[in-house]
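*Asks:* Got a structure for you, written out below as structure tokens; questions coming shortly.
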Amino acid sequence: MKFSKTLTALATLVATAIADGAAIVDALEQIQSDATALNDTVDSWSGDLLGALPITTKSTSLLIHINKGTETAKHSANLTDLETFNVAVTTLNLVTATNSTLDTIVASKPKFDKLLLSPVILLTLKSQKDASAQLSSAIAEKVPLTFQGAAEQLAAQLDAAFEEALDAYSFF
Ligand SMILES: *[C@@H]1O[C@H](CO)[C@@H](O)[C@H](O)[C@H]1NC(C)=O
Ligand SMILES: *[C@@H]1O[C@H](CO)[C@@H](O)[C@H](O)[C@H]1NC(C)=O
Ligand SMILES: *[C@@H]1O[C@H](CO)[C@@H](O)[C@H](O)[C@H]1NC(C)=O
């Protein structure tokens, strides 16, 4: 029957849309878990050269997952209000985690200075800032117009937090 076919098509569409929002939430949660792992590693680092290696690995994993998240968002359909809400809650948690990770990285600067690694951290932070900005705008393009202002505000907070960390690393 034509009606049931339409209904099936509609159900598939809805399912796809839900999957898109969920995929973005998954990607953001992965990024948050990377940020938290990086935070823990930097925080517990004694300042030795060997201990700096896992910091590099975790930092790279974070960057890769930010870029993956951007791809996921770019391929996503426009988000519904409910999906936007879920993405917003996850993003807010992520901004908090990112801020705190950046604080830890800034607090550890003397240790990076000692090993002459601060310029490397500066470059890494720059790539992560750019990648995060791309992720923010890829997501913003998929949220309903009424939420665009809120999305931009969150993106601006993230940007400001990165800017503070970059400032701290610009002098050594
Ligand atoms: C980062 O580490 C600091 C210091 O241990 C801790 O206070 C903060 O809650 C941690 N943040 C995250 C996102 O894990
Ligand atoms: C998706 O949303 C954006 C901005 O909210 C809008 O410009 C665009 O036309 C929408 N695309 C579709 C396919 O609805
Ligand atoms: C993150 O840090 C920025 C810059 O300091 C600040 O404007 C923003 O309010 C912070 N956001 C959260 C959720 O902690």
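A quick yes/no check of all residues on (1) touching a Lys or Arg at 6+ places or on another chain (Cβ under 9 Å); (2) within 16 Å of ligand 1 (Cβ to nearest atom); (3) β-branched (V, I, T); (4) assigned to a helix (DSSP H, G or I):
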{"position": "T91", "(1), (2), (3), (4)": "no, yes, yes, yes"}
{"position": "N99", "(1), (2), (3), (4)": "no, yes, no, yes"}
{"position": "V106", "(1), (2), (3), (4)": "no, yes, yes, yes"}
{"position": "L116", "(1), (2), (3), (4)": "no, no, no, no"}
{"position": "P119", "(1), (2), (3), (4)": "no, no, no, yes"}
{"position": "Q128", "(1), (2), (3), (4)": "no, yes, no, yes"}
{"position": "L135", "(1), (2), (3), (4)": "no, no, no, yes"}
{"position": "D159", "(1), (2), (3), (4)": "yes, no, no, yes"}
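*Asks:* Consider region 130-156. How many of its residues are of a type in the set (D, E, K, R) and buried (at least 19 other Cβ atoms within 10 Å of the Cβ)?
*Replies:* The qualifying residues number 1.
*Asks:* Please enumerate the residues belonging to region 137-151 that are within 14 Å of the chain's Cα centre (by Cα) and either basic (K, R) or at pLDDT below 95 (or both).
*Replies:* Listed by number, the list holds a single entry, A151.
*Asks:* Right, here's the next one. Against the definition (touching a residue at least 12 places away in the same chain (Cβ under 8 Å) and under 16 Å from I31 (Cα atoms)), how does A151 come out, yes or no?
*Replies:* For A151, the condition - touching a residue at least 12 places away in the same chain (Cβ under 8 Å) and under 16 Å from I31 (Cα atoms) - is not met.
*Asks:* I need the full set of residues from region 61-83 which are surrounded by 14 or more Cβ atoms within 10 Å (Cβ to Cβ) and among the acidic types (D, E), in order please.
*Replies:* Correct list: E83 only.
*Asks:* Can you name the residue in region 114-129 that is out of contact with any Ser or Thr (no Cβ under 8 Å at 6 or more places or on another chain) and among the polar types (S, T, N, Q) and is also surrounded by the fewest Cβ atoms within 10 Å (Cβ to Cβ) among such residues?
*Replies:* S127
*Asks:* So, one more: Under 8 Å by Cβ, and 6 or more places apart or on different chains, what pairs join a residue from region 53-76 that is closer than 15 Å to T101 by Cα with one that is acidic (D, E) and assigned to a helix (DSSP H, G or I)?
*Replies:* K58/D34; S61/D34; L62/D34
*Asks:* Let me ask you something else. Among the listed residues N86, N99, which satisfies the condition of being surrounded by 16 or more Cβ atoms within 10 Å (Cβ to Cβ) and under 18 Å from A27 (Cβ atoms)?
*Replies:* It is N86.
*Asks:* Consider K111 against the criteria (1) in a helix (DSSP H, G or I); (2) within 19 Å of the chain's Cα centre (by Cα): it satisfies all of them except one. Which criterion is unmet?
*Replies:* (2)
*Asks:* Residues that are more than 16 Å from ligand 3 (Cβ to nearest atom) and farther than 30 Å from G47 by Cβ: does region 155-165 have at least one?
*Replies:* Of the residues in region 155-165, the ones more than 16 Å from ligand 3 (Cβ to nearest atom) are none.
Checking region 155-165: not a single residue is more than 16 Å from ligand 3 (Cβ to nearest atom) and farther than 30 Å from G47 by Cβ.
*Asks:* Consider K111 carefully, then state whether it is within 16 Å of ligand 1 (Cβ to nearest atom) and either out of contact with any Cys (no Cβ under 8 Å at 6 or more places or on another chain) or not hydrophobic (A, V, I, L, M, F, W, C) (or both).
*Replies:* It is true that K111 is within 16 Å of ligand 1 (Cβ to nearest atom) and either out of contact with any Cys (no Cβ under 8 Å at 6 or more places or on another chain) or not hydrophobic (A, V, I, L, M, F, W, C) (or both).
The values are calculated or read from the model by the stated rules, or taken from the named source; none is laboratory data. As the structure is a computational prediction, the values presented were derived from the model and not from experiment. Positions of Cβ are generated from backbone atoms using ideal geometry, with glycine treated the same way; all protein chains shown enter the neighbour counts.
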